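Trainee: Below: one structure in structure tokens.
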Amino acid sequence: MAYSKRFDGRDWEETRPIEAKVGVIPRADGSAMFKIGNTVALAAVYGPRDLHPKFLQNPQRGILRCNYNMMPFSGHGERVRPGGSRRSRELSMVIEKSLLPVLDLSEYPNAVVDVFIELPQTDAGTRCAGITAAAMALADAGLIMKDLVSAVAIGKVDDKVLVDLTYDEEAYDGPKADIPVAMTPNSGKITLLQMDGEITKKELKKALEMAKKVCSQIYEIQKKALKEKFKLQ
Amino acid sequence: MSDSLKIKDRDIVVPGETLAVGMGYLPGRGTYRDGDKLLAGMLGMVSVEGKVVKLISLSGKYIPKFNDRVIGTVIDVLMTGWRLDIGSAYSAVLNLKDATSEFIERGSDLTKIFDLGDNLMTQITNVTSQKLVDVTMKGPGLRKLRGGRIIEVNPHKVPRIIGKEGSMVSMIKQATGCNILVGQNGRVWLEGEADKEVIAVNAIRKIEEEAHHAGLTDRMKVYLEKVSGVKIMDKGEQQNGVQ
């Protein structure tokens with residue numbers, strides 16, 4: 001049976017309902033929440049602060065350290081074992097590299113900026129939600145940034161290219177692909193591009209076009225959330 | 001001719017937002033140029049001064065600057081001085097010779113002068129490119145802070161807490177009778193009667209919250225007169241002899 005209508009009745013190019021809030025963690029130097037459908041990401045930024053162990057220090061510029069963590073009760077059915085896993089290590093690294101191009105840490109030699117991304121509830125698209133929340137949290141922390149980063153997953157289910165997959169769509173029994181994309185919305189550069197599955201060249205080009213469009217929608221939400229925190233009453 | 005501002009003065013902007021188009025505008029602090037566009041390089045409030053567009057930062061940690069007066073806490077006792085936490089990514093070193101003019105015998109116990117946990121009002125004398133910070137205690141008003149309490153505020157709001165020529169902080173002093181010292185690193189030391197200290201802390205928190213509103217001084221005056229019951233006099237009135 002072909003995939004002719006999305007499980008949750010959305011349009012092909014429509015994201016799940018999005019909510020964003022900045023400054024959700026009072027003790028952090030910067031923080032943000034990003035919710036897309038049933039996926040919730042919380043990001044907290046600490047620093048720039050002293051970095052230990054000392055051999056990690058870079059005298060040229062500060063370093064960025066990301067930590068991605070799915071909470072035990074967050075997933076679909078199975079409990080996620082707490083603590084790091086092979087998957088969370090990879091995602092931490094991937095998120096770090098997608099955020100680094102917009103940051104300028106040369107003002108903070110030997111220091112570290114820690115980003116903690118926690119996912120209390122997940123329904124696919126966690127790395128994208130994490131990146132989007134982390135970008136807002138970094139801006140909230142007053143760091144020097146060229147641009148924000150917005151991210152969304154584009155996928156293919158059967159022969160349809162669609163935006164922001166849910167877990168059910170990711171688990172579809174048939175030809176499928178899942179492509180998380182992170183972009184700098186103003187300069188239109190891609191900072192993260194991964195793919196799982198199979199897709200044709202033509203479809204991939206279409207997917208990237210869609211990603212660009214959706215990222216600028218997400219950017220508007222990020223912008224609004226950031227301004228909301230600092231606006232004059 | 002095609003130069004145009006895309007935002008208004010005192011707007012809040014996010015990183016990457018276009019501030020102005022055209023070469024007629026010059027990039028100030030926190031902004032950068034990309035082609036003929038002027039973009040925001042951080043989250044902040046826009047300040048347009050003639051042709052220069054700059055950003056005033058609203059959040060983030062304290063970055064040590066030369067000549068800043070900061071309140072530090074002793075976190076380590078070294079061979080010839082003390083290491084202080086100044087609420088930033090980098091700690092500061094207070095050398096023995098910058099701490100006291102008394103004669104200290106070689107090998108004597110430095111904790112007799114300043115011990116771990118002591119709070120000191122200091123001034124930054126040097127910041128290297130590697131962000132090694134030196135501070136001194138030689139200067140007017142630089143001393144060990146005994147008693148009172150220390151609160152932490154957003155370091156970017158400190159100029160508002162001090163006010164123009166110290167107007168805001170002297171208003172709070174007048175209303176509460178507290179001694180107040182404000183460090184550029186966002187630490188504020190207060191000492192006075194317990195209930196008056198609370199009034200002062202609440203006032204400072206209120207300033208921090210409303211830091212970017214216009215006419216804050218006047219509103220704080222009304223607020224302070226209400227909560228403390230003390231009539232606050234302007235500088236001019238004070239000089240006219242009404243004590």
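Trainee: Considering only Cα-Cα distances, which of the following residue pairs are longer than 21 Å: B:6/B:37; A:35/A:227; A:227/B:61; A:146/B:65; B:173/B:226; A:35/B:61?
Mentor: Details: B:6/B:37 10 Å; A:35/A:227 17 Å; A:227/B:61 19 Å; A:146/B:65 23 Å; B:173/B:226 15 Å; A:35/B:61 27 Å.
Beyond 21 Å: A:146/B:65; A:35/B:61.
Trainee: OK, next. So, by mean Cβ neighbours within 10 angstrom, what's the order for A:138-145, A:60-67 with the highest one leading?
Mentor: My ranking of the peptides, most packed first, is A:138-145, A:60-67.
Trainee: Among the aspartates and glutamates, which fall within straight-line cross-link reach of residue B:51, defined as a Cα-Cα distance under 16 Å, with same-chain neighbours fewer than 8 residues apart omitted?
Mentor: B:3, B:9, B:36
Trainee: Which far-off residues, 5 or more places away or on another chain, put their amide H under 5 Å from the one on residue B:53, with H placed in the peptide plane?
Mentor: Here the answer is B:26, B:28, since their amide H atoms fall under 5 Å of that of residue B:53.
Trainee: Okay, next question. How high is the relative contact order of the range B:126-193? Use alpha-carbon pairs under 8 Å, at least six apart in sequence, and give a whole percent.
Mentor: Working: 71 pairs, mean separation 21.7, N = 68.
Normalised by residue count, the contact order of the range B:126-193 is 32 percent.
Trainee: Using the Cα centre of the protein assembly as shown as the reference point, and only Cβ charges (+1 on K/R, -1 on D/E), how large is the resulting charge dipole? Debye, rounded to the nearest 20.
Mentor: 660 debye
Trainee: Let me spell out the model: positive unit charges on the Cβ of Lys and Arg, negative unit charges on the Cβ of Asp and Glu, origin at the Cα centre of chain B. What dipole size does that give, in debye rounded to 20?
Mentor: It comes to approximately 260 debye.
Trainee: With angles folded into 0 to 90 degrees, how steeply does helix B:216-228 sit against the dominant principal axis of chain B? Use alpha carbons for both and round to 10.
Mentor: 40 degrees
Trainee: Straight distance only, please: which lysines reach the Cα of residue A:201 with their own Cα at less than 26 Å, same-chain residues fewer than 8 apart left out?
Mentor: A:5, A:97, A:156, A:160, A:176, A:189, A:212, A:213
Trainee: Put one equal scatterer on each alpha carbon of the range A:1-62, apply the Debye formula with no solvent term, and list log10 I(q)/I(0) at q = 0.29 1/Å to two decimals.
Mentor: Calculated log10 I(q)/I(0) at the listed q: -1.13.
Trainee: Follow-up. Let me confirm one metric for peptide A:139-151, namely the mean number of other chain beta-carbon atoms within 10 Å of its residues' beta-carbons. Don't skip to the answer; put the middle values down first.
Mentor: Numbers: counts 8, 5, 5, 13, 8, 8, 7, 8, 8, 5, 2, 0, 0.
Taking all residues of A:139-151 together, the mean is 6.
Trainee: Working out 0.36 nm times the residue gap between residue B:108 and residue B:18, then minus their Cα-Cα distance, what length gain in nm do you get to one decimal?
Mentor: 26.4 nm
Trainee: For Cα pairs less than 8 Å apart in space and 6+ apart in sequence, what is the mean separation divided by the residue count of chain A, i.e. the relative contact order in percent? Write down the numbers at each step before the final one.
Mentor: Working: 526 pairs, mean separation 51.6, N = 233.
Normalised by residue count, the contact order of chain A is 22 percent.
Trainee: Using θ = phi - 60° and the Karplus form 6.51 cos²θ - 1.76 cosθ + 1.60, what ³J(HN,Hα) does each residue of the range A:141-158 get, whole Hz, x for Gly and Pro?
Mentor: For the range A:141-158, the Karplus curve yields 6, x, 7, 7, 9, 6, 7, 8, 10, 10, 9, 8, 9, 10, x, 10, 10, 6 Hz.
Trainee: Assuming 0.890 mPa s and 25 °C, estimate D for chain A with Stokes-Einstein, Rh taken as the Kirkwood radius over Cα pairs, in µm²/s.
Mentor: 136 µm²/s
Trainee: Assuming R0 = 35 Å, what is the FRET efficiency of residue B:195 and residue B:8, from their Cβ-Cβ distance, to the nearest 0.05?
Mentor: 0.25
Trainee: Based on the Kirkwood radius over alpha-carbon pairs, what is the Stokes-Einstein translational diffusion coefficient of the protein assembly as shown at 37 °C with 0.692 mPa s viscosity, in µm²/s?
Mentor: So the translational diffusion coefficient is about 131 µm²/s.
Trainee: Would you mind checking which residues have amide H under 5 Å from residue A:189's amide H? H placed 1.01 Å from N; only 5 or more apart, or other chain.
Mentor: A:184
Trainee: Same structure, new question: What aspartates and glutamates could a cross-link reach from residue B:138, if we take a straight Cα to Cα line under 19 Å and drop same-chain neighbours fewer than 8 places away?
Mentor: B:68, B:85, B:98, B:102, B:115, B:118
All of the numbers you see were taken from the coordinates with simple rules; none came from a lab. This structure is a prediction, so every number in the text was calculated from the model and none was measured. When we count neighbours, we look across all protein chains shown, and the Cβ atoms used for this are built from the backbone with ideal geometry, even at glycine.
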